[in-house]
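The values are calculated or read from the model by the stated rules, or taken from the named source; none is laboratory data. It should be emphasised that the depicted structure is a prediction, and the values quoted were computed from it without experimental measurement. No Cβ is skipped: glycine too gets one built from the backbone with ideal geometry, and neighbour counts run over all protein chains shown. These accessible areas exclude ligands, DNA and RNA; they are computed on the full protein's heavy atoms, side chains included. Shrake-Rupley method; radii C 1.70, N 1.55, O 1.52, S 1.80 Å.
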Amino acid sequence: MVARAPLRILLAALCVASLAGAGGANAAGRKMVGVYELGKGDFSVKVTNWGATVTSVVFPDSKGNLGDVVLGYDTVAEYVNGSSYFGALVGRVANRVANARFVLDGKVYHLYGNDGKNALHGGHRGFSKVIWTVKEYVSGGDTPHITLYYHSFDGEQGFPGDLDVYVTYELSSPYVLSVRMNATALDKATPVNLAQHTYWNLGGQGSGDVLGNTIQLFASRYTPVDSTLIPTGQVAPVAGTPYDLRAPTAVGAHIHQVSGGGANGSAVYGYDMNYAVDGDEHALRKVALVRDGASGRGLELWADQPGVQFYTGNFLKDIKGKGGKVYEEYGALCLETQGFPDAVSHPDFPSQIVRPGQAAYKHDMVFKFSF
């Protein structure tokens, strides 16, 4: 299918040009979109600079069979038009901001409401819906990696100030994927909360649901939410609730006891909840373990953020994915390390405010795969 690559790039460029058309984009200012592979033996990761998106992660199962364990699409154009955030780097503020507004230093900022009345993952054209610049790309060797850069302008999606954002994906060891994010506020204080939104199915993308996977979260507290998935402000113990995943637990064991949101009174069941990760909120520490018994594959996640959003693909429905696979409800899970949702409206939550001349935003993740 290599011959189709130029068409994919052309389609993506055309879609991006149409998004930017109102701003007077010209040919000289357009950037091309590509797919970049990082390889280390039988472990490989593909990334596109559209949305700084992870499009595939391939490694063996316990029998030596290679498999792609992340959901996604066959073409870049489908990522441009998709709405599920498959593999994307989301921001400027990941997760939800209540009523698409916040107050910072006495000034009210209005965001783009794209999740009912709330703002989700940075608005309708957040960081997952823009072209990033490839700053460095090394496909092989000891540390295959790619570094991507995006300049977010003052007022983009309603957020204040110019912001320089970088993300590096690196195969730092055999079967280890490191993700390093940082952002620097240039001229105004602004909230920043980046998240990596890969959908994982360790049995292989499109292989069915993940309800039989076991998960363990190293989190003894969580942030309860209202009916629109906005935190109430409480940080509550998981003990005695269906959110208690401190011991290895089947993903589906309590899934019909937790509400995953839903519009117009419709009930959607499944996890879509922020957990407060145990330990020093700024230290790199173990966040989660996931194992698929059928394939023998495992995932261990480490990160340095206060929270992790555990999402079980509750809204996946009839989505045509890679290789003709169709993704359905619970067809994958997400582990999005992050600051707490809607922290800009909750002064007791860890702050997400980044100020010019002060410490930059930093967010590191390490995925350790086994089989």
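Quick rundown of the values:
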read-out: Strands (runs of 3 or more DSSP E) within the stretch 254-371 that include 2 or more residues more than 30 Å from Asp154 (Cα to Cα) and of a type outside the set (A, V, I, L, M, F, W, C); value: 272-276, 285-291, 298-303, 361-370
read-out: Pairs, first farther than 15 Å from Gln338 by Cβ and charged (D, E, K, R) in the stretch 354-368, second assigned to a loop (DSSP other than H, G, I, E, B) and open to solvent by less than 80 Å² (accessible area, probe 1.4 Å), C-beta under 6 Å, six or more apart; value: Arg355/Ala189
read-out: Single condition Thr198 does not satisfy, out of (1) under 22 Å from Gln305 (Cα atoms); (2) of a type in the set (S, T, N, Q); (3) touching a Leu at 6+ places or on another chain (Cβ under 9 Å); (4) open to solvent by 10 Å² or more (accessible area, probe 1.4 Å); value: (4)
read-out: Residue satisfying condition, being free of Cβ contacts under 8 Å to residues at least 24 places away in the same chain and of a type in the set (Phe, Trp, Tyr), within set Tyr149, Tyr199, Tyr137, Tyr175; value: Tyr149
read-out: Members of the stretch 196-254 that are under 27 Å from Asn182 (Cα atoms) and of a type in the set (Gly, Ala, Ser); value: Ala219, Gly233
read-out: Set Thr168, Thr147, Thr228, Thr223: member being open to solvent by 50 Å² or more (accessible area, probe 1.4 Å) and polar (S, T, N, Q); value: Thr228
read-out: Count of the stretch 211-220 residues which are open to solvent by less than 30 Å² (accessible area, probe 1.4 Å) and either among the small types (Gly, Ala, Ser) or in contact with a Phe, Trp or Tyr (Cβ under 7 Å, 6 or more places away or on another chain) (or both); value: 2
read-out: Of residues in the stretch 104-135 being part of a strand (DSSP E or B) and within 16 Å of Thr190 (Cα to Cα), the one most open to solvent (accessible area, probe 1.4 Å); value: His110
read-out: Matching entry among Gly141, Gly158, Gly208 (being open to solvent by less than 30 Å² (accessible area, probe 1.4 Å), out of contact with any helix residue (DSSP H, G or I) (no Cβ under 6 Å at 6 or more places or on another chain) and at positive phi); value: Gly158
read-out: Residue within the stretch 77-97 that is open to solvent by less than 20 Å² (accessible area, probe 1.4 Å) and over 18 Å from Leu120 (Cα atoms) present; value: yes
read-out: Exclusive hit being over 21 Å from His363 (Cα atoms) and open to solvent by less than 10 Å² (accessible area, probe 1.4 Å), set Gly293, Gly298; value: Gly298
read-out: Scope the stretch 347-371; condition open to solvent by 30 Å² or more (accessible area, probe 1.4 Å) and not hydrophobic (A, V, I, L, M, F, W, C); matching residues; value: Pro347, Asp348, Ser351, Arg355, Pro356, Gly357, Gln358, Lys362, Asp364, Lys368, Ser370
read-out: Complete set of residues in the stretch 301-328 that are of a type in the set (A, V, I, L, M, F, W, C), under 23 Å from Arg246 (Cβ atoms) and open to solvent by less than 50 Å² (accessible area, probe 1.4 Å); value: Leu301, Ala303, Val308, Phe310
read-out: Residues satisfying the stated conditions in the stretch 168-200, i.e. assigned to a strand (DSSP E or B) and of a type in the set (Phe, Trp, Tyr); value: Tyr169, Trp200
read-out: Looking only at the stretch 264-290, and only at residues there that are more than 23 Å from Leu177 (Cβ to Cβ) and aliphatic (A, V, I, L, M), the one that is most open to solvent (accessible area, probe 1.4 Å); value: Ala267
read-out: Residue list for the stretch 50-76, filter: open to solvent by less than 20 Å² (accessible area, probe 1.4 Å), closer than 20 Å to His145 by Cα and in a strand (DSSP E or B); value: Trp50, Thr53, Val54, Thr55, Ser56, Val57, Phe59, Val70
